[in-house]
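Working notes, beginning with the structure itself.
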Amino acid sequence: MAVMDSIIQKAKANKKRIVLPEGSEARTLKAAERVIKEGIADVVLLGKEEEIKEKAKGLDIAKAEIIDPEKSPLLQKYVEEYYNLRKNKGVTEEQAYQIMKDPMYYGCMMVKLDDVDGMVSGAIHATADVFRPAFQIVKTAPNVKVVSSAFIMEVPNCIYGSNGVFIFADCAINPNPNEEELAAIAIASAHTAKVLAGIEPRIAMLSFSTKGSANHELVDKVKNATKIAKELAPDLLIDGELQLDAAIVKEVGELKAPGSPVAGNANVLIFPDLQAGNIGYKLVQRLAKANAIGPISQGLAKPINDLSRGCSVEDIVNVIAITCVQAQGVQK
């Protein structure tokens, strides 16, 4: 796990403060203990203090800060902030007060107001429950049209990509992105490649066609997305539409897309929709025994990451480290 080892070292080198709204969840508490012990991050646990301490018996979480949103001296400040953000949507002050007692919303407000650097949740909450408050409170980064997800794929004994390292996107959030959204996903994935995977992005916009070999509206979407991405980020190496073999196999790339700056050398693969992306990463993970690191959220103004409800303690530790490194690149 060379990439993950590197991410953890980066996190330790510039330690950040991460809030965990599921503060009494067993795996989360074990992960918090490891994160504190290994010096990866400072941890804030949300929930009822008595319940957290009861669930944490036998664990050393003495250095974690525990906050009960309902008793927090910052609750009223957060309520006022949320009310101002959402009053034009019909939210009343009383509704804002009730909403901000929810640890998911409280945690997002901590991120919004820089009381923490990032948030990790989802061990016992659905993805929608994690991102709904994130969209309402933290919102997208400037000039970003859509929040998306990426996986860092480490493929053993692989000559393709960057020594077997790839970014796959979007594999978890957007079912059918339009042209502008697909372009935004490509640009966000380039940032993930640089910041987290430590690779210089060479981005392939994937399709079942290479450079006009097929005519279809689905191909047109990828062509147009490629054009938009190039206009928005002219400094990036990006090309499309490319079939997968043309994107990563040098000989095929030279044959099907001669002169392309990406074909045959791509390390960032942008799938045209969620079906393709989700199937693609799972195929590589299972058949090639690849390490799939993620899903990693992209496009939010500040880092908030979602866990699988089937996550392990190690998964939570890794996502906390990823969130820390993402936070290192956020301008405040």
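The values are calculated or read from the model by the stated rules, or taken from the named source; none is laboratory data. Just so it is clear, the model here is predicted, and its values are computed rather than measured. Glycine also receives a Cβ, built like all others from the backbone with ideal geometry; neighbour counts cover every protein chain displayed. To get the accessible areas, we keep the full protein, side chains included, count just its heavy atoms, and leave off ligands, DNA and RNA. Shrake-Rupley method; radii C 1.70, N 1.55, O 1.52, S 1.80 Å.
For this structure, a couple of remarks:
- The residues in segment 64-79 that are in contact with an Asp or Glu (Cβ under 6 Å, 6 or more places away or on another chain) and of a type in the set (Val, Ile, Thr) can be counted, and the count is 1.
- Those residues of segment 23-42 which are open to solvent by less than 10 Å² (accessible area, probe 1.4 Å) and in contact with a strand residue (DSSP E or B) (Cβ under 6 Å, 6 or more places away or on another chain), in sequence order: GLY23, THR28, ALA32, VAL35, ALA41
- Checking each residue in segment 107-141 for being in a helix (DSSP H, G or I), within 10 Å of ASP306 (Cβ to Cβ) and open to solvent by 50 Å² or more (accessible area, probe 1.4 Å) picks out THR127, ALA128, ASP129.
- Checking segment 48-64 against the condition returns a match, with at least one residue being among the aliphatic types (A, V, I, L, M), open to solvent by 30 Å² or more (accessible area, probe 1.4 Å) and more than 19 Å from the chain's Cα centre (by Cα).
- Residues of segment 213-237 classified as in contact with a helix residue (DSSP H, G or I) (Cβ under 8 Å, 6 or more places away or on another chain), open to solvent by less than 70 Å² (accessible area, probe 1.4 Å) and more than 17 Å from ASN143 (Cβ to Cβ), total: 4
- Of the strands (runs of 3 or more DSSP E) lying entirely inside segment 6-106, the ones with 2 or more residues being under 24 Å from ARG132 (Cβ atoms) and in contact with a Lys or Arg (Cβ under 9 Å, 6 or more places away or on another chain) are found at 41-46.
- Only one entry of GLY277, GLY264 meets the criterion of being assigned to a helix (DSSP H, G or I) and surrounded by 19 or more Cβ atoms within 10 Å (Cβ to Cβ), and that entry is GLY277.
Each row is one residue, and each column tells you yes or no for (1) in a loop (DSSP other than H, G, I, E, B); (2) of a type in the set (Gly, Ala, Ser); (3) open to solvent by less than 20 Å² (accessible area, probe 1.4 Å); (4) modelled with pLDDT under 90.
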position	(1), (2), (3), (4)
PRO295	no, no, no, yes
LYS302	yes, no, no, no
SER308	yes, yes, no, yes
ILE322	no, no, yes, no
LYS332	yes, no, no, yes
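- All positions within segment 220-242 that are in contact with a strand residue (DSSP E or B) (Cβ under 6 Å, 6 or more places away or on another chain) and of a type in the set (Val, Ile, Thr): VAL222, THR226, ILE238
- Cβ-Cβ under 6 Å pairs, at least 6 apart or on other chains, segment 71-83 side surrounded by fewer than 16 Cβ atoms within 10 Å (Cβ to Cβ), far side in a helix (DSSP H, G or I) and small (Gly, Ala, Ser): none
- Test: ILE304 is closer than 26 Å to HIS125 by Cβ and under 18 Å from the mean Cα position of the chain (by Cα): yes
- Top-ranked residue in segment 198-212 [being open to solvent by less than 20 Å² (accessible area, probe 1.4 Å) and not β-branched (Val, Ile, Thr); ranked as farthest from PRO272 (Cα to Cα)]: PRO201
- Within segment 250-261, if we keep just the residues that are assigned to a loop (DSSP other than H, G, I, E, B) and surrounded by fewer than 18 Cβ atoms within 10 Å (Cβ to Cβ), the residue that is nearest to the chain's Cα centre (by Cα) turns out to be PRO261.
- Filter pass, ALA172 being of a type in the set (Gly, Ala, Ser), out of contact with any Phe, Trp or Tyr (no Cβ under 9 Å at 6 or more places or on another chain) and farther than 19 Å from ALA263 by Cβ: no
- Criterion (without any contact (Cβ under 8 Å) to a residue 24 or more places away in the chain and closer than 16 Å to CYS324 by Cα) met by exactly one of LYS37, LYS10, LYS16: LYS37
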